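Here's the structure we're looking at; comments come further down.
Laboratory data are not the source of any read-out in this text; all were calculated from the coordinates shown. Note that this is a predicted model, so its numbers are computed, not measured. All Cβ positions, glycine included, derive from the backbone under ideal geometry; neighbour counts span all protein chains shown.
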Amino acid sequence: MMNRMVKMFISILFLAGYTCYRVIYRWIRKTSPVNLVVLTYHSITGDQRQRFVRQMTILKRYHLVFADTDEPLNAGGHHVAITFDDGFENFAENALPELVKCKIPAMLFIPTGYLGQKPGWISPQGNTIANESIMRPDQLQALPQDIVRIGSHSVTHRLLTMIDEAEVMQELIGSKLCLENLLHCKITSLSLPYGAYDSAILDLAKIAG
């Protein structure tokens with residue numbers, strides 16, 4: 001309960017701060033800033049599906065785009081991008097049908113070293129998501145390309161800031177090449193494991209493509 005209240009308080013502070021930012025931006029620039037919110041999901045279990053449906057119904061009010069979109073975004077418009085880290089099988093079972101029904105685009109970031117396996121980076125102790133499997137290669141190939149785009153989430157989901165440069169490049173290039181060979185398309189998007197990075201990691205990601 002306390003955790004939810006803290007999150008609610010932080011959300012209210014963010015909303016208040018962002019509202020002030022938009023007012024000041026409009027006053028100085030005489031126009032509204034571009035607004036893009038990226039929502040990141042991981043696992044959508046069967047008992048979470050109806051909550052996910054309600055969230056997608058709300059999001060249909062906004063301009064929905066792929067997270068890697070290169071189309072110009074309208075100033076003052078409300079844009080939303082949906083992403084899923086890890087590529088659990090329950091994405092195909094519970095999230096994908098609703099995305100297709102609502103015609104909502106999404107990006108799926110895959111740790112290629114665990115295709116068809118349990119997520120080895122998650123401790124099984126007290127964590128039910130550790131029993132979920134990552135999607136198999138054939139499941140990735142069957143995804144509708146007009147709704148789902150694929151990106152890299154490294155090979156083994158390691159904390160990239162804690163390994164040396166050579167290992168980082170193996171994680172980035174290995175995942176990219178695996179996905180390109182599997183899906184026969186260019187992979188140019190990356191979701192960093194744990195959201196951890198520094199300037200050196202970003203430079204290596206650019207080198208890896």
Counting lysine pairs in segment 80-206 that sit 8 or more positions apart or on different chains, with Cα atoms under 24 Å apart, gives 5
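Efficiency by 1/(1 + (r/R0)^6): what FRET value for ASP203 and ASN181, r their Cβ-Cβ distance, R0 = 30 Å, to the nearest 0.05?
Numbers: r = 25 Å, r/R0 = 0.84.
With a Förster radius of 30 Å, E is 0.75.
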Residues whose built amide H sits under 5 Å from the amide H of LEU190, excluding neighbours closer than 5 in sequence, are SER152
Projected onto their principal axes, the Cα atoms of segment 55-164 stretch, largest extent first, over whole-Å spans of 43, 34, 29
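Just flag the trypsin sites (Lys or Arg not before Pro) in segment 63-149 sitting in loop per DSSP whose Cβ has no more than 13 other Cβ atoms within 10 Å. Please report the intermediate quantities before stating the final value.
Details: sites: LYS101, LYS103, ARG149; in loops: LYS103.
Of the trypsin sites (Lys or Arg not before Pro), the ones in loops of segment 63-149 whose Cβ has at most 13 other Cβ atoms within 10 Å are LYS103.
Rounded, prolate or oblate for segment 101-209? Axes are the square roots of the Cα gyration tensor eigenvalues, ordered a ≥ b ≥ c, and the cut-off for rounded is a/c under 1.5. Mind dumping the intermediate values first?
On the way: a/c = 1.75, a/b = 1.15, b/c = 1.52.
The shape class here is oblate.
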